[in-house]
1. With the crude spin-label approximation of a point 7 Å out along Cα→Cβ, what separation in nm comes out for A54 versus S42?
2. How high is the FRET efficiency from A166 to S63, r the C-beta distance, R0 41 Å, rounded to 0.05?
3. For region 3-11, what does the Karplus curve 6.51 cos²θ - 1.76 cosθ + 1.60, with θ = phi - 60°, yield as ³J(HN,Hα) per residue in whole Hz, taken in order and with x for Gly and Pro?
4. Search the structure for amide H atoms under 5 Å from the amide H of V78, placed 1.01 Å from N in the peptide plane, and list their residues when 5 or more places away or on another chain.
5. Using the Karplus curve 6.51 cos²θ - 1.76 cosθ + 1.60 with θ = phi - 60°, what ³J(HN,Hα) values do you get for each residue of region 13-22, in whole Hz, with x for Gly and Pro?
6. Under the Karplus relation 6.51 cos²θ - 1.76 cosθ + 1.60, θ = phi - 60°, what is the ordered set of whole-Hz ³J(HN,Hα) values for region 150-157, x standing for Gly and Pro?
Amino acid sequence: MKWIVAGAESGLGKEIVVHLLQNGCYVAAIVEDYIKIADLTSRFPHQFVGVEIARNESRGIASHLQAIIDDFASVDGVILCDSTLSTKPVEEMTADEIISSVTFGLTNPLLLIREIIPYFRYKNRGKLILVSSTHDKQSPPDMSVNYAISRGVESLFSSLTDDLSAFGIETSVINFNSEDYVASVADKNNWAAYSMAECISSEITPAHLLIC
């Protein structure tokens, strides 16, 4: 299968990419800093492509997406990984920090979804998968902006599900423990990232998709 993965610079997102590549998939990773995934280009030269998109480069997402499709000849699915990690209470964040977090965590994923939907509709198949921290309890103050962004993307998935299913497009949300998320993105707990990624990648690569 051929995947586009957003939020793959470190932690869980990068581990998911590695597991997919080891399972024989082709992956194009959309990141803000290519240097952080450059090692995967040398490890998987025929399967992996890294695409760097700056936070202020939102208008270029369509052209980057088309380049990925052209390079891979086709794309089977898009995986959006939680990658915005702000650990400040909202009242302590500057306006620029809030705007940057929302752009990277919400605006860019929405633009990517907007661009890929017509392609999947034309193919009459495709997968949209959101890998997100759980929201079954109140978020701590220092994670409130991250939770707001994640809930926004999840709400979009929920609203699109029925419409897209008519075109053979699957939408799925995979939730995981928020404490493990913080540790994995901050690179404080590589085992948490590895084990979660192993579970997720093993379930999305078969023809059937299960939520772990």
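The numbers here are math on the coordinates, done by the rules we state, and not lab data. Keep in mind the model is a prediction, meaning the values are calculated, not measured. Backbone-built Cβ (ideal geometry, glycine too); neighbour counts: all protein chains shown.
1. 2.6 nm
2. Details: r = 28 Å, r/R0 = 0.69.
Calculated transfer efficiency: 0.90.
3. 10, 10, 10, 9, x, 10, 6, 7, x
4. I4, K127, L128, I129
5. With the stated coefficients, region 13-22 comes to x, 5, 4, 4, 4, 4, 5, 4, 5, 5 Hz.
6. Ordered by residue, 3J(HN,Hα) equals 4, 5, x, 5, 4, 4, 4, 4 Hz.
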